[in-house]
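Read the structure below first, then the notes.
The values are calculated or read from the model by the stated rules, or taken from the named source; none is laboratory data. If you're wondering where the values come from, they're calculated on a predicted model, not measured in any experiment. When we count neighbours, we look across all protein chains shown, and the Cβ atoms used for this are built from the backbone with ideal geometry, even at glycine. Accessible surface is based on the protein model in full, side chains and every heavy atom, while ligands, DNA and RNA are left aside. Shrake-Rupley method; radii C 1.70, N 1.55, O 1.52, S 1.80 Å.
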Amino acid sequence: MKKLAWGAFVAILAAGCAKRIPGTEIADNSDTRGVIETIERYRNAAEKRDASGVLSLVSETYFDDAGTPDPNDDMDFEQLKKALPDDYKKLVAVRLDLTIKKINVEGESATADLFFDNHYRMNTKKG
């Protein structure tokens with residue numbers, strides 16, 4: 001019985017000491033590092049207003065309903081390819097702060113929960 005209890009204690013201790021991404025509770029492994037690198041590539045491309053760089057990271061099945069039931073503001077990948085370059089041309093500066101809260105990897109799929117704070121500057125008719 002003591003061996004079983006000791007084994008359970010060692011397993012719990014080992015799980016608690018699993019390697020984490022510094023400053024997070026996210027497991028540090030090649031899968032989570034890959035997700036983080038992809039998110040960082042997105043952030044860099046967005047801040048550079050690099051439409052092709054952002055689009056290279058977007059799935060061809062992309063679809064955004066803008067959170068409304070109105071289909072007139074929906075956007076798919078083809079519409080995004082047309083709109084993003086023009087939208088970026090309107091911006092003078094972009095800063096995108098991303099904080100990754102959680103990463104879940106299941107087989108070939110991964111999701112990330114993140115907090116983002118987006119700041120941008122654009123010229124208007126009044127300057």
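For the range 54-127, a simple Cβ point-charge model (Lys and Arg +1, Asp and Glu -1, everything else neutral) yields a dipole of about 760 debye relative to the Cα centre.
Write down the accessible area per residue of the chain in Å², having rolled a 1.4 Å probe over the full set of protein chains.
That works out to 78 Å² per residue.
Annotation: peptides 53-60, 26-33, ranked by per-residue average of other Cβ atoms within 10 Å with the highest first, follow the order 26-33, 53-60. Using a cut-off of 23 Å between Cα atoms, the listed pairs 19/48; 82/102; 90/125 include 19/48; 82/102 as exceeding that distance.
When a/c is below 1.5 the answer is rounded, else prolate if a/b is larger than b/c, else oblate, so apply that to the range 67-110 with a ≥ b ≥ c taken from the square roots of the Cα gyration tensor eigenvalues. Judged from the Cα gyration tensor, the range 67-110 comes out oblate (a/c at least 1.5, b/c at or above a/b). Each of the peptides 111-117, 68-74 was scored by the mean count of other Cβ atoms within 10 Å over its residues; in descending order, highest first, they stand as 111-117, 68-74.
Here the convex hull built on the C-alpha positions of the range 28-112 has a volume of 128 cubic angstrom per residue.
Projected label points at residue 63 and residue 124, each 7 Å from Cα along the beta carbon direction, are separated by 3.5 nanometres.
In whole percent, how big is the carbon plus sulfur part of the accessible area of the chain, probe 1.4 Å, protein atoms only?
54
Please find, in a Gaussian network model of the chain (springs between Cα atoms separated by less than 10 Å), the residue of 61, 38, 24 whose mean-square fluctuation is greatest. Comparing 61, 38, 24 in the GNM, the peak value goes to 61.
Counting only whole DSSP H helices of the chain, the ones at least 15 Å long by C-alpha along their axis and with mean Kyte-Doolittle hydropathy no lower than -0.5 are 2-16.
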